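Below is one structure, written out as structure tokens; comments come after it.
Just so you know, all these numbers are worked out from the coordinates, no wet-lab data involved. Being a predicted model, the structure only gives us computed values, none of them experimental. Note: ideal-geometry Cβ built from the backbone for every residue, glycine included; neighbour counts use all protein chains shown.
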Amino acid sequence: MTESKNVSGLEAEGDAAADFLEELLDILDMDGDIDISVEAGRAKVAVVSEGPHQDLKRLVGPEGEVLDALQDLARLAVQSETGEMSRLMLDIADFRAGRRERLAEQARETIAKVRETGESVAMPAMNAFERKVVHDVVLEAGLGSESEGEDPDRHVVVSPKA
């Protein structure tokens, strides 16, 4: 598959997810604009609002659990439309963007602790998105990390060796 076909396929995923989300917003009588992009080899769809995000935050949930469920549904809608599995990332009201920065900071604190003690440190349980953010920060710092456990208790262990 060529790079341009890959990007066009990812754009088609974004379009299918956007159609699903627009229908959902209409049913819920909520306002939001949908931005589609391709980042790091996956389609990314963001639902944003020009005004306060209060309405959209209902689609996120207190800990992002509603957002995770909507992402799964959007992926199913994409699969139904394209016939292919999707790794689409969904963000609503910039929740994941903010969460990514908080997780990166938590990972940096854990990295400092591992460097100070020379011992592995287990982080709290996280979903797949959160673990990926932590793994990326740890890799960039030159340390090692592994996911351990089973959902919902799956977590990242940061170790001194890469």
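Couple of notes before you dig in:
- Theoretical ellipticity at 222 nm over the chain - DSSP helices of four or more residues, -39500 (n - 2.57) apiece, nearest 500: -17500 deg cm²/dmol
- When you restrict to C-alpha pairs under 8 Å that are six or more residues apart and normalise by the size of the chain, the relative contact order lands at 17 percent.
- Given +1 at the Cβ of Lys and Arg, -1 at the Cβ of Asp and Glu and no other charges, the dipole of the chain around its Cα centre is 860 debye to the nearest 20.
- Simple point charges give the picture: +1 on the Cβ of Lys and Arg, -1 on the Cβ of Asp and Glu, and for the stretch 102-162 a dipole about the Cα centre of about 200 debye.
- Ranked by how many other beta carbons lie within 10 Å on average, peptides 116-127, 82-93 from highest: 82-93, 116-127
- Listed values [x] 1.16; [y] 1.02; [z] 1.37 include one computed from this model; for Cα Rg over 2.2 N^0.38 Å that value carries the label [x].
- Anchor Lys161: aspartates and glutamates whose Cα lies under 18 Å away (excluding residues fewer than 8 positions away in-chain): Glu109, Glu116, Glu119, Asp136, Glu140, Glu146, Glu148
- Farthest toward positive dipole pole in the chain [+1 Lys/Arg, -1 Asp/Glu at C-beta], among Pro62, Val156, Val45: Val156
- Dipole magnitude (debye, nearest 20) for the stretch 56-116, charges at Cβ of Lys, Arg, Asp, Glu: 200
- Cβ-based charge dipole, the chain, positive-most Cα from Val138, Leu76, Gly32: Val138
- DSSP-defined antiparallel bridges as percent of all bridges, the stretch 1-148, nearest 5: 65
- 13 Å beta-carbon shell around Val66, net charge (K/R +1, D/E -1): -3
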